[in-house]
Amino acid sequence: MARKLNLRIWRGNRESGSLQNISVDANEGEVVLDVIHRVQAEQINDLAVRWNCKAGKCGSCSMEINGKPRLACMTQVSSFPEDEEITITPLRAFPVIKDLVTDVSFNYKKAMEIPSFQPPEGMKPGEPRMQQVDVERSQEFRKCIECFLCQNTCHVIRDHEENKESFAGPRFFIRIAELDMHPLDMLRNRKKKAQEEHGLGMCNITKCCTEVCPEHIRITDNAIIPMKERVVDEKYDPLRWLGSKIRKREGIL
Amino acid sequence: MTNNSAALERHKYDVLVIGAGGAGLRAAVEAREAGLRVAIICKSLFGKAHTVMAEGGAAASMGNVNEKDNWMVHFRDTMRGGKFLNHYRMAELHAKEAPDRIWELEMWGALFDRTKEGKISQRNFGGHEYPRLAHVGDRTGLELIRTMQQRIVALQQKDKQEHGDAESFIKVFAELTITEILKENGKVAGAYGYWRENGNEVLFEAPAVVLATGGVGKTFKITSNSWEGTGDGHALALKAGGNLVDMEFLQFHPTGMVWPPSVRGILVTESVRGEGGILTNTLGERFMFKYIPDVFKDKYADNEAEADRWYLDQDNNRRPPELLPRDEVARAINSEVKAGRGTEHGGVFLDVSKRLSAEVIKKRLPSMWHQFYELAGVDITKEAMEVGPTCHYVMGGIEVDPDTAAAVNVPGLFAAGECAGGMHGSNRLGGNSLTDLLVFGRRAGMGAVQYLKGTSATPVSEASISKAVQKIAAPFTRTGGENPYLLHQELQEITHNLVGIIRTKKELDEAILKIADIRMRIQNVTVSGSREFNPGFHLSFDLDNMLLIAESTAKSAVIREESRGGHTRDDFPNMSPVWRQKNNISSFNGTEVVVKQQTLPELPKDLFGLFDPHELEKYMTQEEMAKGGSN
Amino acid sequence: MATGVFSSSRAKISERTLRTDKWWLQPLITFSVLILFIIYATFRAFENGNYFAEPLISPFYSPCLSAACATGSSLLGQPFGIIKILGMTLSPALLILIFPLGFRMTCYYYRKAYYRAFWMSPPACAVAEPHSKYTGETRAPLILQNGHRYFFYIGLIFNALLTVDAILAFRNSDKQWGHMSVGTLVLVANATFLWLYSASCHTCRHTIGGRLRNFSKHPVRYKAWTIVSALNHKHQNFAWVSLLGVAFADFYVREVAAHVFTNFYFF
């Protein structure tokens, strides 16, 4: 049942590194993470890899397998042809720490920049009443396991380090969408901020985030594009702009 | 490689929370809201805690679906589930406060599934009399951890506005391992640890430490727990002079996947057997017929023909023996494997594909089919699963004061969540763990706040620091050559085979000897490579913790001569009312774990009165019944 | 200075991508089909002929608004007279094509398609793009993509006109009703595809209900939103089918008008 697997695993740190050829046994039904663990136990005791639940629920074991951003615990060995070499590297959009582990602090920094949920003033715990249809859109985004594969694959920052300053990334666009669609959220300037501070306009909707999402969240169609449309409502639609001016003037009168 | 203390990274906080799962984060929020400065330590990245794995829901008697539900009913269910070994006060606090903890999550942005009236929906779950579990599909744990994580961020944003620095009051230290709780003059003074990223050491000086480190599953070979479940908090508390209570109680599920490794430990729900899954050994025998206890003879079929007919005609046939209670199924699987009729991976076959068509399986067991197909390429509509007992949850844990979550014997130490003991008695009800985290996480935070009103910080002495430094340096300086991975695997074999789901004195005695042997060999664990993100190095500390857990569990298990909840003794198959009155208390004397008995607090009269006396008779002695609860 | 995956902090890997699959195939197909369409459409827009064969009119030339239009082809009259540029009569197609073109250029799906296939930004996921700077849709001209909704509204008018064209095709060449030919089917199919393309559009989804915060207070719009959402799932398919549909409808009318084929009448 066991088969020999030829791996190329990137080993190194901030200064240098290279792909190393490793031959290891793999059993039927194993995933790439199982094989990495075998390498770790039998050949390279100090091979650095991040993982937690090994069930596709925590989003820790993000890496690139044959060049594709994936969760190692969700990538079956049998999905590769018998004789194919499997290349495993760390995420390539973030600074590397060691071997397959990268510094993903960028994402936590961005999380800090998104204004938090703001419930209606005076509302007491237990009082909220929300309909299922009204929470479903936001619930889709809350499925996110924060594996950061979408952040890693997004060319806006993957290919342009300098954009990291002004771009929050797909994971946080779904966070913004989640809050903007939340039936109880009272913060009304999320759209404007999304465009002006979080770099929504940088996204050119090439959908790689959606392609890599292990939770199958439709990031582009259900979060980014709806947010772009909401931004247009607020900022770029002359008719709506005129409407709001008139309403304002009536207010003065 | 040793750090001299001049260059040592030092932090001073009011409260140090070790563990960033539901309980730890809830404790941190509580302490921060009382104005304290809090450090949160996570062993992995922020938001990856094992809490995300909880699927079913969070039990709280909000009465949204059935108005008859209230805290008293929930309390009764919890005590029943724990077979009356629970600390009544913990079960009482939990039942009373759980609804508020859920409602508060909603104010922090959580989005639970809704009822038609727009309230939080609640679902039925085993052992709960009414629909009680607040849920979000099957990812309630993720919702809880994310909400707490975002609550921390919200507080940090507020601090940034008010104090200019987001981390001025709460700072999260991600990927940091604590190796020791430091005490001075008998009180907690801080903790010592190292960054996993580079091995650099860190000293935390804090007069209050909250342990919220979760479970111990990785002590066992087959477990649903993630790598973090290495019992760190249990072990840290023991080493700091605290006690563990009833470590023999572990929740095993009789049918977890044992192979392939990609799904090892993942639970196969009972409904697979309910839908017609049959258990066979490697000889192809449907072995459950051999294991029907006499008391069940009239309810369970003793031949295949009748068992098969039951699925079509339940009135005129007896049930198939695969549907016997959990412990009976576990015992049968255990016996088959030990008799050499199990698979090479220590399991038996569970096959649902013979009886049902692929379409029916996909329709009735969609998530089971999908999960195994996606994670392991196992198609349960075509092939059998390899299953065996899997370790899921530890009921035993750090002995604490119910109201303040303060660890007994260690001033300044607090514990909440899975690493604390007492709340669940001998068996935990599904759904109670998520609310346990919130209720006692908050109480631990409050406990720390209260404690700090009457005490002040003690500086950590140089002597304590240098001891801690030596401990961390040890794995690199030793030369014994033991591989930590292989030693861990050996320990897991011992616990799995000898301290597993079905226990006997003979095997437990053997386990205790073998664990002592590993304790000797752990002195020789040697680590290769550098300190930079080195998993072998990390494992060498986890291993030490897991050994203490295994020892405490085995020793408690051999002493408790009865079967109750998550502790099944083949040589003592019944519950004993005398043992119900006793907790097994583990402590550590520096070289080994010592287990003593302690009397369980009696149910007070008002809580005693919530039960039907006929029910209590099954658990309690005649004297207890005559007394009718304490005053 | 090296940026992107070659930045100094990233893992030192010299390949632009380590993907082993045929990641270049999809952008290549997109590129080829779109280029062929552009060549064909440009040729036809400038051809200024063979676009009308009673009762069929090519979708490239409808509505035909200039006095240069073939007799009987101007559904909305000829408000523009004859426009000459450098002595050449301007093709009536050029007066209108900007609108359907604009709708497609700003379409969320086509943006993905051509940013990937033409601008290679990125060529495929996790394949390093060749540009050293990137500002996305934050400044001119790409900021104009935000005007998609206006093209959507105008597109609806075009859909209506092309639907009228399809209805008018239920006549024979003597303008008598009650007939149906292959040409009728072609124009009906074209109009249907265009409606599906518009109805599945992201802007449509937003306008019809997506912009609401509470669906429960707007049950009808919620229902409409769920239908549009289902269609939106297939927006990419509708985008291609309708594009090829338009080209084919034009081709068919052209060949009939040029007497290459005879438009077969079922009745």
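As a footprinting exposure proxy, order C:E15, B:E270, B:E551 by other Cβ within 10 Å, with the fewest listed first.
Ranked by crowding around the Cβ, least crowded first: C:E15, B:E270, B:E551.
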Going through A:K164/A:K192; A:K207/C:K133; B:K505/B:K596; A:K57/B:K158; B:K187/B:K453 one by one, the pairs whose alpha carbons sit over 26 Å apart turn out to be A:K57/B:K158
Averaged over the residues of B:525-537, the number of partner chain Cβ atoms within 10 Å of each residue's own Cβ comes to 5
So the angle from the long Cα axis of helix B:22-33 to the longest Cα principal axis of chain B, reported in degrees to the nearest 10, equals 40 degrees
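Add -39500 (n - 2.57) for each DSSP H run of 4 or more in chain C, then divide by its residues: what number comes out at 222 nm, to the nearest 500 deg cm²/dmol? Before the final figure, lay out each step's value.
Numbers: 9 runs with 125 residues, N = 267.
The helix-only estimate for chain C comes to -15000 deg cm²/dmol at 222 nm.
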If one compares the long axis through the Cα atoms of helix A:32-42 with the longest principal axis of the Cα atoms of chain A, the angle in degrees, nearest 10, works out at 40 degrees
Plugging the Cβ-Cβ distance of A:H216 and B:D298 into 1/(1 + (r/R0)^6) at R0 = 56 Å yields, to the nearest 0.05, a FRET efficiency of 0.70
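Determine how many Å³ per residue the convex hull of the Cα atoms of chain C encloses.
Details: hull volume 52.9 nm³, N = 267.
Per-residue hull volume (Cα only) is 198 Å³.
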Simple SL model, points at 7 angstrom along Cα→Cβ for C:L212 and C:F267; separation in nm is 4.3 nm
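Add -39500 (n - 2.57) for each DSSP H run of 4 or more in chain A, then divide by its residues: what number comes out at 222 nm, to the nearest 500 deg cm²/dmol? Please list the in-between numbers first.
Details: 10 runs with 85 residues, N = 253.
Using -39500 (n - 2.57) per qualifying helix, the result is -9500 deg cm²/dmol.
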Placing each pseudo-label 7 Å from Cα in the direction of the beta carbon, A:E28 and C:W119 end up separated by a distance in nanometres of 5.0 nm
To the nearest 10 degrees, the tilt of helix B:505-521 (Cα long axis) against the first principal axis of the alpha carbons of chain B is 30 degrees
Correct semi-axes for the protein assembly as shown, from √(5λ) of the alpha-carbon gyration tensor and rounded to whole Å with the largest first, are 60, 34, 31
Computed ³J(HN,Hα) along region A:198-204: with the Karplus parameters 6.51/-1.76/1.60, θ = phi - 60°, integer Hz and x for glycine or proline, the list is 9, x, 4, x, 6, 5, 10
One finds the C-alpha centres of region C:1-57 and region B:78-148 to be spaced, in Å, by 53 Å
Computed from the beta carbon distance with a Förster radius of 22 Å, FRET efficiency for C:V260 and C:L36 to the nearest 0.05 stands at 0.65
Residue-ordered couplings for region C:202-213, obtained by feeding phi - 60° into the Karplus form 6.51 cos²θ - 1.76 cosθ + 1.60 and rounding to whole Hz (Gly and Pro as x), are 5, 5, 4, 4, 5, 5, 6, x, x, 6, 6, 8
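In region A:3-102, what percentage of the DSSP-assigned beta bridges are antiparallel, given to the nearest 5? Mind showing how you got there, number by number?
Numbers: 20 of 23 bridges.
About 85 percent, rounded to the nearest 5.
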Hits in region C:233-267: amide N under 18 Å from the 7 Å Cα→Cβ extension of C:D174, namely C:263-267
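For B:Y619, B:Y194, what's the fewest-to-most ordering of other Cβ within 10 Å of each Cβ?
Working: B:Y619 20, B:Y194 23.
In increasing order of surrounding Cβ atoms, one gets B:Y619, B:Y194.
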Taking N as the number of residues in region C:1-47, the ratio of its alpha carbon radius of gyration to 2.2 N^0.38 Å works out to 1.96
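By how many nm would the segment from B:T115 to B:K354 lengthen if fully extended, with 0.36 nm per residue of separation less the alpha-carbon distance? Show your work: numbers first, answer last.
On the way: separation 239, 0.36 × 239 = 86.04 nm, distance 3.87 nm.
Length gained, B:T115 through B:K354: 82.2 nm.
Normalised by the empirical 2.2 N^0.38 Å for globular proteins, what value does the Cα Rg of chain B take?
On the way: Rg = 24.4 Å, N = 631, 2.2 N^0.38 = 25.5 Å.
Normalised by 2.2 N^0.38 Å, the Cα Rg of chain B equals 0.96.
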In nm, the gap between the two label points placed 7 Å beyond Cα toward Cβ at C:I83 and B:N124 is 7.2 nm
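On full extension of the chain, what length is gained from B:E344 through B:S576, given 0.36 nm per residue of separation minus the C-alpha to C-alpha distance? Can you show the working numbers first?
Working: separation 232, 0.36 × 232 = 83.52 nm, distance 3.64 nm.
Taking 0.36 nm per residue and subtracting the Cα distance, the gain is 79.9 nm.
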Between B:M385 and residues 5 or more places away or on another chain, the pairs with built amide H atoms under 5 Å apart involve B:L350, B:D351, B:V352
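Could you put B:L111, B:L211 in order, starting from the residue whose Cβ has the fewest other Cβ atoms within 10 Å?
Working: B:L111 26, B:L211 36.
Taking fewest neighbouring Cβ atoms as first place, the list is B:L111, B:L211.
At a threshold of 8 angstrom on Cα-Cα distance, excluding pairs fewer than six apart, so keeping six or more, what relative contact order does chain B reach in percent? Could you put the intermediate results ahead of the total?
Numbers: 1427 pairs, mean separation 124.2, N = 631.
RCO, chain B: 20 percent.
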Isolated cysteines for chain C, Cβ-Cβ cutoff 4.7 Å, are C:C107
Per the helix-only model, chain B has a calculated mean residue ellipticity at 222 nm (DSSP H runs of ≥4, -39500 (n - 2.57) each, divided over all residues, rounded to the nearest 500) of -11500 deg cm²/dmol
Any aspartates and glutamates whose Cα falls less than 12 Å from that of A:K4, other than same-chain ones fewer than 8 residues away, would be A:D25, A:E28, A:E82, A:D83, A:E84, A:E85
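Read-outs throughout are calculated quantities, based only on the coordinates presented, and are distinct from any laboratory measurement. Just so it is clear, the structure is predicted and the values come from calculations on it, not from any experiment. Ideal geometry is used to build each Cβ from the backbone, glycine not excepted, and the neighbour counts take in all protein chains shown.
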